1. Which of the residues belonging to region 196-248 are in a helix (DSSP H, G or I), surrounded by 15 or more Cβ atoms within 10 Å (Cβ to Cβ) and either among the aromatic types (Phe, Trp, Tyr) or touching a Gly at 6+ places or on another chain (Cβ under 7 Å) (or both)?
2. Specify which of the listed residues (16, 10, 29, 82) is among the aromatic types (Phe, Trp, Tyr) and surrounded by 12 or more Cβ atoms within 10 Å (Cβ to Cβ).
3. What number of residues in region 83-126 are farther than 28 Å from residue 53 by Cα, in contact with a helix residue (DSSP H, G or I) (Cβ under 9 Å, 6 or more places away or on another chain) and not in a helix (DSSP H, G or I)?
4. Would you pick out the residues in region 175-210 that are farther than 16 Å from residue 64 by Cα, touching a helix residue (DSSP H, G or I) at 6+ places or on another chain (Cβ under 8 Å) and not aliphatic (A, V, I, L, M)?
5. If you go through region 43-53 one residue at a time, do you hit one that is exposed (fewer than 14 other Cβ atoms within 10 Å of the Cβ), more than 15 Å from residue 227 (Cβ to Cβ), at pLDDT below 90 and out of contact with any Cys (no Cβ under 9 Å at 6 or more places or on another chain)?
6. Which of (1) in contact with a Ser or Thr (Cβ under 8 Å, 6 or more places away or on another chain); (2) free of Cβ contacts under 8 Å to residues at least 60 places away in the same chain; (3) not aliphatic (A, V, I, L, M) is the odd one out, the single condition residue 10 does not satisfy?
7. Could you give me the residue pairs with C-beta distances under 7 Å whose first residue belongs to region 46-68 and is assigned to a helix (DSSP H, G or I), whose second residue is modelled with pLDDT under 95 and surrounded by fewer than 19 Cβ atoms within 10 Å (Cβ to Cβ) wherever it lies, and which are 6+ apart or on separate chains?
8. Could you run through region 103-119 and say how many residues are within 19 Å of the chain's Cα centre (by Cα) and either under 21 Å from residue 180 (Cβ atoms) or surrounded by fewer than 16 Cβ atoms within 10 Å (Cβ to Cβ) (or both)?
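The values are calculated or read from the model by the stated rules, or taken from the named source; none is laboratory data. Only a predicted model underlies this, so the values are computations on that prediction, with no experimental measurement involved. Counting neighbours? That spans all protein chains shown, and the Cβs are built from the backbone with ideal geometry, glycine included.
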Amino acid sequence: MRRDYTLYLFAALGSFLIVYIALPLAVIFLKQASDWEMLVKTLQDPAVLDAVKNSLLTATATTFIALLFGVPLGYVLARMDFPGKSVVQALVDVPIVIPHSVVGIMLLVTFSKAILDSYTGIIAAMLFVSASFTINAARDGFLAVDEGLEHVARTLGASRFRVFLSVSLPMALPSVASGSVMTWARAISEVGAILIIAYYPKTAQVLVLEYFNSYGLRAARPIAVILVAMSLTIFVLLRWLVRRGGNA
């Protein structure tokens, strides 16, 4: 039998992107390890600690809001056909392609002082750019659920809402959970829109730019390392919990 090297070729091609992503991560951690004193100093900086706290709180709040409103919308998109459905789906996907600075300007023009320099403004920016992940993941999860199971439950007297809670949502939960992880990750990485809407209170994403512009690379690098390490740790942990829940 002739040996097929297709998978080896694809693996070799794909490894370029893996190395491209991993290399900057490795380099920044290694360079910071040689400047341990600056990292310790940064970890003791109250401004940095407050900014990290703000990033965690606002990204988490954004994720919960996206779940509250995005999961029902995902279910509707999976189960209903209605006039303008393609328009709704397009609107869901639009935030992914709009430049982030433009997002900030649009939100500021729309809501003005109601979101200016506030936690509300930070969450508003994060929600706009990240909710699509929750909605699309929920929709795909519900599409994968056999509607026949829902019909059987309805014939047994269960209301649609009860069927949603007891049949549809549990079966779609791995997709919903995966979408929530991506939503959180996208929210905590947002900076462009936040810079325009809410420079204060400071988030870690904004503070790293401020330190870079004011004090240079050496001062900004520890904050970047802290943010990357924190995000990677939480992201990997959430992914592990999602996989564990899906295999349970």
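1. Hits for region 196-248 are 196, 197, 211, 212, 235.
2. 29
3. 0
4. Those that are farther than 16 Å from residue 64 by Cα, touching a helix residue (DSSP H, G or I) at 6+ places or on another chain (Cβ under 8 Å) and not aliphatic (A, V, I, L, M): 189, 190, 192, 199, 201, 202, 203, 205.
5. yes
6. Every listed condition holds for residue 10 apart from (1).
7. 52/230; 54/201; 58/119
8. Qualifying residue count, region 103-119: 2.
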